[in-house]
Amino acid sequence: ITSDKTDSILTYSKTNNVDIDLTTMGSTMVYSEVYNMTINPDEYTGKTIRASGPFTVFHDDNTGKDYFAVIITDATACCSQGIEFILAGNHSYPDDYPEVDTQITVTGKFNVYEEDGNKYCKLLDAELTINQWFRALNVEL
């Protein structure tokens, strides 16, 4: 986990090897693009995606697995979707992850997997950055 060194996270472009940079889009476009990822995942497989939002974790008591995601909301914040991610390297929760609701940016390769008969999307080999502006707020959630 790293912390970005600028006040803005909107400085990324295709030159940083990102195919779809959700951080540069308005909230309605971001939500629409993420929805499209869930409907047409084959169009996105293998592409590098960057997204920002609050960090969350879901623990499945039945399997004992933890699932990590960045939450994407629409313009009115009434609807949200998570983009699951797997950090590159070996990491353990909670030691190597931020607190829930910390504003993060995640970049990784889009992939689809099947679990218990359902298909899910996730970003593989992801890099996570805690957004500097959020850290500067020094607020407790």
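Among the residues of region 57-78 satisfying the criterion of being in contact with a strand residue (DSSP E or B) (Cβ under 7 Å, 6 or more places away or on another chain) and open to solvent by 40 Å² or more (accessible area, probe 1.4 Å), which is farthest from TYR120 (Cα to Cα)? Among those residues, the one meeting the criterion is THR73.
Within region 12-37, if we keep just the residues that are at pLDDT 90 or above and of a type in the set (Ser, Thr, Tyr), the residue that is nearest to VAL112 (Cα to Cα) turns out to be THR23.
For GLN103, the criteria (1) of a type outside the set (Gly, Ala, Ser); (2) touching a helix residue (DSSP H, G or I) at 6+ places or on another chain (Cβ under 6 Å); (3) exposed (fewer than 14 other Cβ atoms within 10 Å of the Cβ) hold in every case but one, which is (3).
Filter region 112-123 for residues that are open to solvent by less than 50 Å² (accessible area, probe 1.4 Å) and within 10 Å of GLU84 (Cα to Cα) and give the result. Lay out the reasoning, then the answer.
Residues of region 112-123 that are open to solvent by less than 50 Å² (accessible area, probe 1.4 Å), as a first pass: 112-113, 115, 121-123.
Result: CYS121, LYS122, LEU123.
All told, THR45 meets the bar of being assigned to a loop (DSSP other than H, G, I, E, B) and within 15 Å of LEU123 (Cα to Cα). Beta carbons closer than 7 Å, at least 6 apart along the sequence or on distinct chains, pair a first residue in region 23-46 that is more than 15 Å from GLN81 (Cα to Cα) with a second that is outside any loop (DSSP other than H, G, I, E, B) and open to solvent by 50 Å² or more (accessible area, probe 1.4 Å) for GLY46/LYS109. Test SER92 against the stated conditions and say whether it is open to solvent by 20 Å² or more (accessible area, probe 1.4 Å) and touching a Ser or Thr at 6+ places or on another chain (Cβ under 6 Å). No. Every condition in (1) more than 21 Å from PHE68 (Cα to Cα); (2) surrounded by 12 or more Cβ atoms within 10 Å (Cβ to Cβ) is met by ASP42 except one, and the failing one is (2).
The values are calculated or read from the model by the stated rules, or taken from the named source; none is laboratory data. Only a predicted model underlies this, so the values are computations on that prediction, with no experimental measurement involved. Positions of Cβ are backbone-derived with ideal geometry, glycine not excepted, and every protein chain shown enters the neighbour counts. Calculation scope for accessible area: heavy atoms of the full protein, side chains included, ligands and nucleic acids excluded. Shrake-Rupley method; radii C 1.70, N 1.55, O 1.52, S 1.80 Å.
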